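The values are calculated or read from the model by the stated rules, or taken from the named source; none is laboratory data. Worth saying up front: this structure is predicted, and the values here are computed from it rather than measured. Cβ atoms come from the backbone with ideal geometry, glycine included; neighbour counts cover every protein chain shown. Each accessible area value is taken on the protein alone, full model and side chains, heavy atoms only, with ligands, DNA and RNA left out. Shrake-Rupley method; radii C 1.70, N 1.55, O 1.52, S 1.80 Å.
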Amino acid sequence: MTPLNIPEWQSLDRHYGDIKFLSMREQFALDSGRFERFTIRSGELLLDYSKNRITQETIDKLIALAQAVNMKDWTEQMFTGDIINHTEGRAVLHTALRNRSNSPVLVDGQDVMPLVNAVLKKMASFCEQVHSGSWLGYSGKKITDIVNIGIGGSDLGPAMICDALEPYGIDGLSVHFVSNVDGTDLSTTLEKLNPETTLFVVASKTFTTQETLTNAQSARQWFLKSAQQSDVAKHFVAVSTNAEAVAAFGIDTANMFEIWDWVGGRYSLWSAIGLPIALYVGMDNFERLLDGGHAMDLHFRNQPLAENIPVIMGMLGIWYVNFFNSQTHAIVPYDHSLARFPSHMQQLDMESNGKFINRQGARINYKTGPVIWGTPGTNGQHAYFQLIHQGTQLIPVDFVLPVNSHYPECDHQSILLANGLAQAEALMKGKTAEEVRSELVKEGYEGKALEALLPHKVFPGNRPSNALLFPKLTPEMLGQLVALYEHKVFVQGVVWNINSFDQWGVELGKQLAKAILPDLLAADESISEHDSSTTELIRLIRQLRQ
Ligand code: F6P
């Protein structure tokens, strides 16, 4: 069950040997149709993957591998509610949350669409009440601030979307996200807010997450300094699968928005976990986001593998991780409002595909998910791009490029885009020693000084990137982009033969933190058993604590 034994993988391996030194620069010079050959459009979104270390034969072989691992069958299994998250015995149905066609999706023989639609209706009604002012705070004032308390998938996705859709924000309403159990996060948020006009959304799929419950309890204490216990219902709502725990926390379950175990945390922004988004930009814009996600679902499900954006991006990722041995992948949005996009993608990808055990429970002897990272351009250019251009590692980059800004300031957008395109061009072309030499000569260098400087100014080039270009960052486009990356992650998980939908690797740290906390809080000198490093650090913390 290792992909290494699949003939199509082995064929790619031989092909890698043949083309590993292939020059993209030369390929562009030889083939004027390279851009057209290696672009795909889905609605207004364009993927240009021509600046990759590929020939048509590479793509044919990557697609043959995708076919060999039954990509289309796996895709259908996901969309139709099969239990593909087998270690947790769950279906994987974030696509049902944005199934705008409303066609039935069965889990254990039950159509989940009526459940999905009922929660969307409840969200719409709640948003309408908050926006119209029929939902008021305890002193009769309108809600002005939404504070989402959640972490991981119950924070990163909604926070990223709210940032990105700031131009669509409803007047008079601000949204804040508190995730870290570090008291700084909550305190610095609350110090700006008025309890009379603040609404807390406690978002936790499980409603057992230590950080979220701790923050929610502290938020309630802060609130009760000004208000009564009976006012809590007007200021705290919950999003969860766990009605019992929500009630135990003291939130009226009438104010709970339901999600289901077939919604993975990092895939949940489309569910009621997206409530802060709907509150912030309005339900109509939240539904536009769902529309975009659904459009990408249709593309992914129906397009042939070779004309399928998530499949091509996923298989190119396999090409670099498993054949070129690249360890990381950068996502660089040339849009400041997408500043949190790489962080959301980091959780999405690394929590999904950071696995060393295959679906059959055996240890894997090939590489799986890369480190995903990035920050917006052009800032990254003045920070880490040096290493991408001249470092010793191969780091594929995704450039995310909206043509038009919501804030059209003189030439800013053209300068921004020129920089994005220039980085991709420079990574591909590089600069040869001959080119550097002639530049240095023009600048008046000669002899030893020229020879000494020359190697430092050479760019090896041949460094791969994708460009995702679209007219403007609308809710629909954002929905398409997020769904695209979700499916890219899925494609890679299928090839690597792993379950992309569990996350057991986060559990050990949680268990150990529970064991260490009593040691930190102990009034006496007692300490439970740890390694000597942990024990001494605990002692030191006790000594230093004020
Ligand atoms: O610890 C990891 C994780 O389980 C993520 O998968 C999840 O998104 C996050 O914690 C938050 O979980 P919950 O929504 O249950 O609080």
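Residues in the range 96-121 that are open to solvent by less than 10 Å² (accessible area, probe 1.4 Å) and part of a helix (DSSP H, G or I): 96, 97, 113, 116. Being in a helix (DSSP H, G or I), without any contact (Cβ under 8 Å) to a residue 24 or more places away in the chain and within 16 Å of the ligand (Cβ to nearest atom) is a property that holds for residue 248.
Which one of 13, 31 is surrounded by fewer than 16 Cβ atoms within 10 Å (Cβ to Cβ), among the acidic types (Asp, Glu), in the same structural domain as residue 470 (by TED's automatic domain parsing) and under 19 Å from residue 321 (Cα atoms)? It would help to see each step written out before you state the result.
Working: 31 fails: under 19 Å from residue 321 (Cα atoms).
Every option except 13 fails the conditions.
For the residues 103, 187, 125, 174, the requirement of being more than 16 Å from the ligand (Cβ to nearest atom), without any contact (Cβ under 8 Å) to a residue 24 or more places away in the chain and within 28 Å of residue 346 (Cβ to Cβ) singles out 187.
Tell me the residue from 357, 372, 364, 415 that is within 16 Å of the ligand (Cβ to nearest atom), more than 23 Å from residue 26 (Cβ to Cβ) and of a type in the set (Val, Ile, Thr), please. Before you say what the answer is, go through the steps one by one.
Numbers: 357 fails: within 16 Å of the ligand (Cβ to nearest atom); 364 fails: within 16 Å of the ligand (Cβ to nearest atom); 415 fails: within 16 Å of the ligand (Cβ to nearest atom).
After ruling out the rest, the residue left standing is 372.
Conditions tested, residue by residue: (1) within 15 Å of the ligand (Cβ to nearest atom); (2) over 21 Å from residue 274 (Cα atoms); (3) acidic (Asp, Glu).
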{"site": "483", "(1), (2), (3)": "no, no, no"}
{"site": "490", "(1), (2), (3)": "no, yes, no"}
{"site": "496", "(1), (2), (3)": "no, yes, no"}
{"site": "501", "(1), (2), (3)": "yes, no, no"}
{"site": "504", "(1), (2), (3)": "yes, yes, no"}
{"site": "509", "(1), (2), (3)": "yes, yes, no"}
{"site": "514", "(1), (2), (3)": "yes, yes, no"}
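Considering the range 213-230, and only residues there that are touching a helix residue (DSSP H, G or I) at 6+ places or on another chain (Cβ under 7 Å) and of a type in the set (S, T, N, Q), the residue that is nearest to residue 181 (Cα to Cα) turns out to be 215. Just one of the listed residues (164, 124) is open to solvent by less than 60 Å² (accessible area, probe 1.4 Å), under 24 Å from residue 341 (Cα atoms) and of a type in the set (Gly, Ala, Ser), namely 164.
Residues in the range 267-277: is at least one away from the ligand (no atom under 16 Å from the Cβ) and open to solvent by less than 10 Å² (accessible area, probe 1.4 Å)?
Filtering the range 267-277 down to residues away from the ligand (no atom under 16 Å from the Cβ) leaves none.
No, there is no match, as no residue in the range 267-277 is away from the ligand (no atom under 16 Å from the Cβ) and open to solvent by less than 10 Å² (accessible area, probe 1.4 Å).
Does residue 230 meet the test of being in contact with an Asp or Glu (Cβ under 6 Å, 6 or more places away or on another chain) and surrounded by fewer than 18 Cβ atoms within 10 Å (Cβ to Cβ)?
When the stated conditions are applied, residue 230 does not pass them.
Selection of first residues in the range 504-525 that are within 18 Å of residue 213 (Cβ to Cβ) and assigned by TED's automatic domain parsing to the domain that holds residue 350 and of second residues that are open to solvent by 50 Å² or more (accessible area, probe 1.4 Å) and away from the ligand (no atom under 12 Å from the Cβ), restricted to Cβ pairs under 9 Å at least 6 apart or on distinct chains, gives an empty result. For the range 291-315, a residue qualifies if it is crowded, with 23+ Cβ neighbours inside 10 Å and among the hydrophobic types (A, V, I, L, M, F, W, C), and the qualifying residues are 296, 300, 309, 311, 312, 313, 315. Would you check which residues across the range 197-215 are open to solvent by 10 Å² or more (accessible area, probe 1.4 Å) and farther than 8 Å from residue 240 by Cα and list them? The answer is 197, 208, 209, 210, 211, 213, 214.
Sort through 207, 200 and tell me the only one that's within 14 Å of the ligand (Cβ to nearest atom), outside any helix (DSSP H, G or I) and either not assigned by TED's automatic domain parsing to the domain that holds residue 156 or not β-branched (Val, Ile, Thr) (or both).
On the way: 200 fails: within 14 Å of the ligand (Cβ to nearest atom).
From the options 207, 200, the qualifying one is 207.
In the range 263-284, the residues that are closer than 11 Å to residue 201 by Cα form Cβ pairs under 6 Å with partners that are small (Gly, Ala, Ser), at six or more places apart or across chains, as follows: 273/154; 273/203.
Within the set 153, 140, the sole residue that is among the small types (Gly, Ala, Ser), more than 16 Å from the ligand (Cβ to nearest atom) and not in a strand (DSSP E or B) turns out to be 140.
Residue 62 fulfils the conditions (1) surrounded by fewer than 18 Cβ atoms within 10 Å (Cβ to Cβ); (2) not in a strand (DSSP E or B) except for a single criterion, (1).
Tally up the residues in the range 1-40 that are outside any helix (DSSP H, G or I) and out of contact with any strand residue (DSSP E or B) (no Cβ under 8 Å at 6 or more places or on another chain), please. Walk me through it before giving the result.
Narrowing the range 1-40 to residues outside any helix (DSSP H, G or I): 1-2, 6, 20-23, 31-33, 38-40.
Now drop any that are not out of contact with any strand residue (DSSP E or B) (no Cβ under 8 Å at 6 or more places or on another chain), which leaves 1-2, 6, 20-23, 31-33.
The qualifying residues number 10.
Every test in (1) part of a helix (DSSP H, G or I); (2) small (Gly, Ala, Ser); (3) open to solvent by less than 10 Å² (accessible area, probe 1.4 Å) is passed by residue 218 save one, and that test is (3). Among the residues making up the range 175-196, those that are among the polar types (S, T, N, Q) and open to solvent by less than 50 Å² (accessible area, probe 1.4 Å) are 179, 189.
Residue 280 meets all of the listed conditions (1) away from the ligand (no atom under 12 Å from the Cβ); (2) among the hydroxyl-bearing types (Ser, Thr, Tyr); (3) surrounded by fewer than 19 Cβ atoms within 10 Å (Cβ to Cβ) but one, namely (3).
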